[in-house]
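To start, the structure itself, in structure tokens.
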Amino acid sequence: MEPSVPASRTVGAVDIPGPVGRIEGLWSDPGGGGPAAVIGHPHPAFGGSMHSKVVHTVYRVLDAAGHPTLRFNFRGVGRSQGRYSGWNEEVADFAAAAAYARERTRRTALWAAGFSFGSWVGLQWALSDTNVERFLALGLPVESHSFDFLDRLPWPLAIVQGERDRYGPPEALEAAASKWRRFGPVTVKIVKGADHFFTGKLAELEQALEEVL
């Protein structure tokens, strides 16, 4: 038997109008009154989706903190229409998801989060939106993707990275974070022994997220 859902909670599958058709999403609102958080998933070309264990862990932590959350599939993933752009046109998908979250909460303030490719895409979107309050980045792929666009930081950036992340080793991440700290507050939390996907380290990831929040 599934646990009962509090009367104040709304949760379920949603369809979001996107730039190339329907975007599939999962909406949850614990009724805590916090700003909604939009969460982007890892690389579509390598099996990434909103059902990623890391994305689910981010959702759980934000939900427990009272934030409505929107997990969604980029174009071409799951039931989302279109196909992977091959670069960063998914920024428009993130924007559509953000618009949906604002419509549901009737609040302009938003948090944003992303894992790997989702963080790269989400950060590009967040720089264009003046009402983002905070960004949570996990598994930043600083060695496989360019972050030259990050030339300002209008909101606090919290980064949680695996100690053995081959796409963003701690040394490379710290070099990038040192540059970004000239623009605004950046917090980096390294999960010991964790790889890019935090395999076998989801409990440690959850604790790290709670600490950076």
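Which members of region 163-213 meet the condition of being touching a residue at least 40 places away in the same chain (Cβ under 8 Å) and not in a helix (DSSP H, G or I)?
Hits for region 163-213 are TYR167, HIS196, PHE197, PHE198, LEU213.
Among the residues in region 120-127, are any at pLDDT 95 or above, surrounded by 24 or more Cβ atoms within 10 Å (Cβ to Cβ), farther than 20 Å from LEU153 by Cβ and among the aliphatic types (A, V, I, L, M)?
No, that holds for no residue.
Tell me, which strands (runs of 3 or more DSSP E) lie completely within region 109-162 with 2 or more residues that are touching a residue at least 60 places away in the same chain (Cβ under 8 Å)?
Filter on region 109-162 gives 110-115, 132-138.
From VAL186, VAL191, which residue is surrounded by 14 or more Cβ atoms within 10 Å (Cβ to Cβ), in contact with a Phe, Trp or Tyr (Cβ under 7 Å, 6 or more places away or on another chain), at pLDDT 95 or above and more than 21 Å from GLN124 (Cβ to Cβ)?
Checking each option against the conditions leaves just VAL191.
Take region 156-168 and flag every residue that is under 17 Å from VAL38 (Cβ atoms), surrounded by 17 or more Cβ atoms within 10 Å (Cβ to Cβ) and in contact with a Pro (Cβ under 8 Å, 6 or more places away or on another chain).
LEU157
Quick test of your reading of the structure: LEU153 fulfils all but one of (1) surrounded by 15 or more Cβ atoms within 10 Å (Cβ to Cβ); (2) of a type outside the set (D, E, K, R); (3) at positive phi. Name the failing condition by number.
Of everything listed in (1) surrounded by 15 or more Cβ atoms within 10 Å (Cβ to Cβ); (2) of a type outside the set (D, E, K, R); (3) at positive phi, LEU153 misses just condition (3).
Residues in region 174-189 that are touching an Asp or Glu at 6+ places or on another chain (Cβ under 8 Å) and closer than 17 Å to GLU211 by Cβ: how many?
Selection size over region 174-189: 2.
Take region 62-86 and flag every residue that is aliphatic (A, V, I, L, M) and either touching a residue at least 40 places away in the same chain (Cβ under 8 Å) or surrounded by 17 or more Cβ atoms within 10 Å (Cβ to Cβ) (or both).
Initially, region 62-86 is screened for residues aliphatic (A, V, I, L, M), giving 62, 64-65, 70, 77.
Those that are aliphatic (A, V, I, L, M) and either touching a residue at least 40 places away in the same chain (Cβ under 8 Å) or surrounded by 17 or more Cβ atoms within 10 Å (Cβ to Cβ) (or both): LEU62, ALA65, LEU70, VAL77.
Residue-wise test of (1) among the aromatic types (Phe, Trp, Tyr); (2) under 26 Å from VAL160 (Cβ atoms); (3) part of a loop (DSSP other than H, G, I, E, B).
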| residue | (1), (2), (3) |
| --- | --- |
| GLU24 | no, yes, no |
| TRP27 | yes, yes, no |
| ILE39 | no, yes, no |
| HIS56 | no, yes, no |
| ASP63 | no, yes, no |
| GLY82 | no, no, yes |
| ALA98 | no, yes, no |
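Only residues that are under 12 Å from ASP129 (Cβ atoms) and either among the acidic types (Asp, Glu) or surrounded by fewer than 18 Cβ atoms within 10 Å (Cβ to Cβ) (or both): list them for region 103-115, please.
THR108, ALA109
Can you tell me how many residues in region 65-80 are part of a loop (DSSP other than H, G, I, E, B), within 18 Å of TRP125 (Cβ to Cβ) and among the aliphatic types (A, V, I, L, M)?
Number of matching residues: 1.
Evaluate region 141-155: report whether one residue or more is farther than 12 Å from LEU123 by Cβ, among the small types (Gly, Ala, Ser) and touching a strand residue (DSSP E or B) at 6+ places or on another chain (Cβ under 9 Å).
no
The values are calculated or read from the model by the stated rules, or taken from the named source; none is laboratory data. If you're wondering where the values come from, they're calculated on a predicted model, not measured in any experiment. Using ideal geometry, Cβ is built from the backbone for each residue, glycine included, and neighbour counts are taken over all protein chains shown.
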